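The structure under discussion appears below in the form of structure tokens.
The values are calculated or read from the model by the stated rules, or taken from the named source; none is laboratory data. What you are looking at is a predicted structure, and each value in this text was computed from that prediction instead of being measured. Because the Cβ atoms are built from the backbone with ideal geometry, glycine has one as well, and the counts that use them run over all protein chains shown.
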Amino acid sequence: MSGLELILHPAHDADTSGFGPRTYRRRVGDRLTAFEFNFSSELVQKLFALYHGDADAETEREIGAEIERFLQLAGVSLNDATSRITICSDADEVYALPFELASRGSGWLGLAPGVSLRYRWPDVISDPAANPRGRVLFAWAAPDASVPHEEHQKKLDARCSSWLSFDPDRDVIPQATRAAIADRLKRDEDVRVLHLLCHGKQIRRGQYGLALVGDEVTSPTQLATTLAPFRATLRMVVLCACQGGEQGPGARQLGSVARELHRAGIPLVVASRLPLRFDDSVTLTDILYGELRAGFADIDRALASARRAIHDTPGRTYEWASLQLFAAPPRVTARPAAPTSAPVPTIAPGSVKALRQLLQRLFVASDDLQEFIEEWLAGRDDVDLDDVPWGASKTKATRRLVKLLEASGAIDHGLFEALVATRPRQRVRIDEVRAALLGRGDGS
């Protein structure tokens, strides 16, 4: 499959809130090109209307045209004979754009024959499962309103195949809580797919969680924390929930449920970005599992078939664009990290930038960067932390911090061990940056 990965990094301050003109750098190999796109108040209002089911056909068309313009500014031609497009960015607002609605000729990108559309967060990778065969666990919850759990269960029973089995007598968690899901995944290591049916629930304007039993509202972070320990065996999560995949303008703090699960290391996450009707969720379940008979490699084709089926349902407008896939590429074996006792060699050109980006990504959503660094450097007098502009943006602070660490030789194994201890979800990325910075440590 011919693929194009659009890798975008924010050139603006990552701490900047709100919208307006935004500058991005697109990476193509070792080359960076910049472009600016305006998240105008008019566009944001249209996106809000779309996410809440209030957009008409003209609004849908206008949003599609804006997304097409975004891609053109990024240097992507939708007329290219590309069969897979992956949107990869660490700029939160990029995920507010439903790229499925991008105009392509007389139709939409998300319905283009032979074209798949994926999303991923930078540096998220997956490890192959020792045994891809397993079971589907169906968890549903309806603490405040009904959900079509009987219809979903019937489709799962009818469609799941020998490599991905489903037993209604053992693989169902009714009125699910986070604790019940975690307990079942802990006991049943052969669960490969979690099929979760519930309602989306608003946390605040533009921010959504899930309506599971036991929580007033289950936030994206809470669900990601619950499922992260099982990412080595759990290969896919299917969220059948209104607003389950929606990023939404302004949702910078919690992000979407789907994206948080993806960042927690779940290899495949299927979710509804826009409001998903009950019967559309049943259609998704029917087609998705019916076309996954040969394995997860069929996920793009299965999702495309589900989109087309919903699009062709009488009375539908843009509901088909609800379906969104976050997919983590497989791990590429990294160079081994240096032994703890090895001396630190000269830092390779460009590696300091990698460390700066890593620190910024790890701490941009928290307030403990200064506390972490001060604790790690306790007892050292060769790094003057008073020279770090902690009160400024984290971008400026991390830039200055890395310069000080490099100059003092404080970039060593202790830093990465501390990072792994405090940010275990980012272990893979931390280890890769450590390998790039420290090399093999044997002088070769």
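Among residues of region 5-37 being under 19 Å from R120 (Cα atoms) and of a type in the set (D, E, K, R), the one that is modelled with the lowest pLDDT is R27. Number of residues in region 296-325 that are touching a helix residue (DSSP H, G or I) at 6+ places or on another chain (Cβ under 6 Å) and either touching a residue at least 40 places away in the same chain (Cβ under 8 Å) or assigned to a strand (DSSP E or B) (or both): the value is 8. All told, W140 meets the bar of being surrounded by 14 or more Cβ atoms within 10 Å (Cβ to Cβ) and assigned by TED's automatic domain parsing to the domain that holds L239. Restricting attention to region 136-187, the residues being in contact with a strand residue (DSSP E or B) (Cβ under 7 Å, 6 or more places away or on another chain) and modelled with pLDDT under 95 number 4. The single residue among L97, L109, L47 that is crowded, with 21+ Cβ neighbours inside 10 Å and more than 20 Å from E36 (Cβ to Cβ) turns out to be L109. Scanning region 171-182 turns up no residue that is without any contact (Cβ under 8 Å) to a residue 12 or more places away in the chain and either outside any strand (DSSP E or B) or more than 21 Å from the chain's Cα centre (by Cα) (or both). One residue alone among F70, F99 is over 19 Å from A327 (Cα atoms) and assigned by TED's automatic domain parsing to the domain that holds F48, and that residue is F70.
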